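None of the figures in this text is laboratory data; all of them are computed from the coordinates on show. For clarity, every value in this text was computed on a predicted model and none was experimentally measured. In this analysis, Cβ positions are derived from the backbone assuming ideal geometry, glycine residues included, and neighbour counts consider all displayed protein chains.
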Amino acid sequence: MNISAARRRLTTDQFGAQSAGGEWSKAKPLNLIVNNMPLPLIDSPTMKPVVASRRSIPELLAPLNQIAADSPNLVANHGAQFKCGDQTYELPRYLFIGPKGGDDTIRLGIFAGLHGDEPEGVHALIQFLSMLERKPELATGYCLFVYPVGNPTGFEDRTRPARSGKDLNREFWNGSVEPEVKLLQSELVSHAFHGIISLHTDDSSQGFYGFARGATLTKNLIEPALQAAEQFLPRNASETIDGFRARNGIIRDTYPGALSAAPKVRPRPFEIVLETPQAPPSYLKEAALIAALRMILTQYREFIAYAPNL
Ligand SMILES: [Zn+2]
């Protein structure tokens with residue numbers, strides 16, 4: 001390439017880069033450094049300080065609260081408060097009362113957002129409740145106690161642990177002083193759930209999988225749930241997942257201190273943790289989680305109907 005051609009190309013490239021960059025190339029230098037700390041690029045032409053990227057829980061839950069205001073089925077159960085520094089936080093709680101079934105009401109506890117950097121489950125639960133509002137018959141026979149944001153400070157900060165620095169899903173039933181954990185433990189004790197479902201995200205997994213614990217029938221619930229999720233996301237078929245032995249995407253073990261029924265509770269409720277991979281698009285992750293939840297409701301209702309003494 002001769003020099004003039006190289007020059008021409010350079011000029012063209014510069015021009016191209018500039019026109020493609022447009023306003024961004026002028027705004028960019030503002031992004032780079034404040035107090036010697038590199039700032040993340042914020043997806044907005046007006047530059048905001050880093051704290052502006054905190055998530056808003058009131059904004060997140062506004063659609064649900066609006067539904068609850070007029071719904072005969074959905075109740076927003078405010079009042080579970082705790083302190084973090086000098087701020088008062090609320091642990092969001094919702095109750096969905098399905099149409100009456102033939103048998104005694106089944107109480108399920110459904111939890112998401114215990115890790116603040118896993119918004120998939122949070123959004124899935126919000127959508128799930130909105131869907132039940134439109135089709136309450138899906139929850140026939142159930143009273144669903146739903147905790148969409150188990151770790152409000154972590155959710156705001158987009159961090160796995162709470163603002164205290166603690167991973168809340170390692171703090172259950174070991175004398176923890178974390179206020180979120182104490183609140184959730186008292187919910188677990190007072191409602192004596194027949195089943196407990198937790199939603200999580202795994203950034204190291206390529207596929208959907210789950211943990212199954214507690215009542216013997218749990219394995220009969222999780223397999224159809226994973227099948228339902230498979231309509232949207234592949235299953236993790238590895239023999240080892242997250243350091244645990246796994247079979248067909250099912251782990252029969254757990255971490256010490258993970259959210260569960262109180263240790264001495266008998267009979268044990270079924271306990272299922274659903275784990276979505278992090279990489280796929282949000283709509284697929286949420287659809288997979290919702291499909292799995294729907295399937296668990298259907299399956300468990302059938303078990304109860306046919307085997308009341310389980
Ligand atoms: Zn998690």
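Beyond 30 Å between alpha-carbons counts as too far, so tell me which of LYS135/LYS219; LYS100/LYS166; LYS83/LYS135; LYS219/LYS285; LYS135/LYS182 fall in that bin.
Checking Cα-Cα distances, LYS100/LYS166; LYS83/LYS135; LYS135/LYS182 exceed 30 Å.
Tell me, in nm to one decimal, what length is gained between LYS264 and GLN87 on full extension, where the rule is 0.36 nm per residue of separation less the Cα-Cα distance? Don't skip to the answer; put the middle values down first.
Numbers: separation 177, 0.36 × 177 = 63.72 nm, distance 3.42 nm.
Extra length from LYS264 to GLN87 when fully extended: 60.3 nm.
Given segment 96-164, what percent of its DSSP beta bridges are antiparallel, to the nearest 5?
Rounded to the nearest five, the antiparallel share is 25 percent.
For segment 165-269, state which trypsin sites (Lys or Arg not before Pro) are in a DSSP loop and have at most 16 other beta carbons lying within 10 Å of their beta carbon.
Hits after loop and neighbour filter: ARG252, LYS264.
DSSP loop (so not H, G, I, E, B), at most 16 other Cβ within 10 Å: list which trypsin sites (Lys or Arg not before Pro) in segment 71-135 pass both filters.
LYS100
Measuring from label point to label point, each 7 Å out along Cα→Cβ, what is the SER130 to ARG107 span in nm?
Taking the two extended label points, one gets 2.9 nm.
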